[in-house]
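Report on the structure given below.
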Amino acid sequence: QAQVVESGGGLVQPGGSLRLTCAASGSIFSIRAMGWYRQAPGKQRELVATITSGGSTNYADSVKGRFTISRDNAKNTVYLQMNSLKPEDTAVYYCNAEILGPKDYQFRDYWGQGTQVTVSS
């Protein structure tokens, strides 16, 4: 079994920056897309950004120009650099990875436990 673990959340003032990290480990043959999603209190989980194994990226309109997703395929790790943070970015951020295990016939979605990001003065 594979697992993904996030780190890097915390409390930051508006206009500040944070960097989230997500590492996948365990029984991994290949990883396809990796991405970040977030869920604010009382709201549904929403896409923040995704990145393919080839480096193609996709962002939610609300974070374009402020957030940057990147990936280190050798380390099975994805990063989310968040700049110019706003109070409305406050949420639990979840990492997602599409992983093919050595004995799998198809890719499976794996989710991390989430990391809290709070933007407040």
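Say we look at the range 89-121 and pick out the residues that are of a type in the set (Asp, Glu) and surrounded by fewer than 16 Cβ atoms within 10 Å (Cβ to Cβ); which of these is farthest from residue 33 (Cα to Cα)?
104
Among the residues of the range 31-46, is any of a type in the set (Gly, Ala, Ser), over 24 Å from residue 121 (Cα atoms) and in contact with a Lys or Arg (Cβ under 9 Å, 6 or more places away or on another chain)?
No, there is no match, as no residue in the range 31-46 is of a type in the set (Gly, Ala, Ser), over 24 Å from residue 121 (Cα atoms) and in contact with a Lys or Arg (Cβ under 9 Å, 6 or more places away or on another chain).
Can you name the residue in the range 67-88 that is open to solvent by less than 30 Å² (accessible area, probe 1.4 Å) and free of Cβ contacts under 8 Å to residues at least 40 places away in the same chain and is also farthest from residue 110 (Cα to Cα) among such residues?
Only one residue tops the list, namely 67.
Residues that are among the β-branched types (Val, Ile, Thr) and part of a loop (DSSP other than H, G, I, E, B): does the range 47-69 have at least one?
Yes, the range 47-69 contains a residue that is among the β-branched types (Val, Ile, Thr) and part of a loop (DSSP other than H, G, I, E, B).
If residue 41 passes every condition in (1) at pLDDT 95 or above; (2) in a loop (DSSP other than H, G, I, E, B) but one, which one does it miss?
Status for residue 41: all satisfied but (1).
Quick check: is even one residue across the range 11-29 over 14 Å from the mean Cα position of the chain (by Cα), assigned to a strand (DSSP E or B) and under 20 Å from residue 118 (Cβ atoms)?
Taking every residue of the range 11-29 in turn, at least one turns out to be over 14 Å from the mean Cα position of the chain (by Cα), assigned to a strand (DSSP E or B) and under 20 Å from residue 118 (Cβ atoms).
Residue by residue through the range 78-121, note down the ones that are under 21 Å from residue 24 (Cβ atoms), of a type in the set (A, V, I, L, M) and out of contact with any Cys (no Cβ under 6 Å at 6 or more places or on another chain).
80, 82, 92, 97, 99, 100, 117
The values are calculated or read from the model by the stated rules, or taken from the named source; none is laboratory data. Keep in mind the model is a prediction, meaning the values are calculated, not measured. We place every Cβ from the backbone using ideal geometry, glycine too, and count neighbours over all the protein chains shown. The area values use the complete protein model at the heavy-atom level, side chains included, leaving out ligands, DNA and RNA. Shrake-Rupley method; radii C 1.70, N 1.55, O 1.52, S 1.80 Å.
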